Amino acid sequence: MASATLTLDLNALAQNWRDLNNQTACETAAVVKANGYGLGAPAVARRLAREGVRRFFVAVAEEGAVLRSALGQNAEIFVFSGHMPTGTNLIRDHQLIPLLNSVDQMLRHFEILPGHPFGVQIDTGMNRLGVEPSEWAAVKDMLLSQGPRLVMSHLACADDPQHPMNAEQLRVFRGLTDGLNIPRSLAATGGILLGPAYHFDLCRPGIGLYGGLPFADASPVVTLDIPVIQCRDVAVGETVGYANSWTATVPSRIATISAGYADGLIRAMGPNAHVHAGDQRVPCVGRVSMDLITVDVTNLDDDPTHLQLIGRHQSVDTIADMAGTIGYEILTSLGNRYARRVIE
Ligand SMILES: *Cc1c(COP(=O)(O)O)cnc(C)c1O
């Protein structure tokens, strides 16, 4: 087969959820937005439901509809973007719980779907989504009378435990919600690692489930094995790839592998990237093309049939570092040309 193989280890995913869950005394939900961080929300969510997860979070109502079909009625599905004008039918038909982000959304929700479950997102300083603290006082009593399922906020700097913004957002969140007697949620993966003060009633990890930082102890969930299409000898002074960006300084053996930037292996990682032949690390050379990457396999005893880009030797965060980005972006960019294999 010419396409690369992306292996998703659902046992590792389940292990990561259990490990994060064991760090808290509260309920641990799961964030499966962006199609389960690119790995396939239905398979991810069904596996986590088997572990006992009952609450899931998505970004938009359309994702919630897909998740409802995968999970059946026995799960609560929260929507971070809340109740959008185009979302009403999906929210009603699939019993989704919008996290209302503004007074506009509240008015819309209570008018069009009276009695339908909802939660509230409060902005505690990130200035991205949520009701402003200044609005909160005005709407709080009205909201409480409608019985919100959850009140939540999101931390801007939780991947940096030393950052003063964490304590500041915690202070604001508590100031707005202490004593309200509604289930509360503040922590994603980073917030779980900040400790119990951040956990409240429900934590909602995403990236840590999928094996990414800041959960440094995560088990790897993704493996990417790329087949070699051909190998060739390159003489001293010959160049490889677009723009002649690499020149052989010794007689070299170059393997061309079947994946490129159209598969989410972004060009920016080019000059720093490595792949593995078994346990041996070999450098990528030349530019990453749309469908192909060239690798210097001169030091291998034999021509390889496959080279591994992501797996036990290199995490998604290693790849992200090579490209100057974060593991989240690598995961959610992984393309749809891969043959996808699931271990469960
Ligand atoms: C994406 C997201 C999460 C999950 O964050 P991770 O860092 O992936 O654990 C939780 N809450 C909100 C509001 C999010 O947008």
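The values are calculated or read from the model by the stated rules, or taken from the named source; none is laboratory data. Model, not experiment: these values are computed from the prediction. Note: ideal-geometry Cβ built from the backbone for every residue, glycine included; neighbour counts use all protein chains shown. Note: areas computed on protein heavy atoms with side chains; ligands, DNA, RNA excluded. Shrake-Rupley method; radii C 1.70, N 1.55, O 1.52, S 1.80 Å.
Worth a mention:
- So residue 237, is it over 15 Å from the mean Cα position of the chain (by Cα), without any contact (Cβ under 8 Å) to a residue 24 or more places away in the chain and more than 14 Å from the ligand (Cβ to nearest atom): yes
- Residue 87 being within 23 Å of residue 329 (Cβ to Cβ) and buried (at least 21 other Cβ atoms within 10 Å of the Cβ): no
- Where strands (runs of 3 or more DSSP E) fall entirely within segment 245-344, those with at least 1 residues that are open to solvent by less than 70 Å² (accessible area, probe 1.4 Å) and free of Cβ contacts under 8 Å to residues at least 40 places away in the same chain are at 252-257, 274-277, 280-285.
- Of all residues in segment 52-72, those that are touching a residue at least 60 places away in the same chain (Cβ under 8 Å) have Cβ atoms under 6 Å from Cβ atoms of residues that are within 14 Å of the ligand (Cβ to nearest atom) and of a type in the set (Gly, Ala, Ser), 6 or more apart or on another chain, in 55/29.
- Residue in segment 33-47 that is within 12 Å of the ligand (Cβ to nearest atom) and on the phi < 0 side of the Ramachandran plot present: yes
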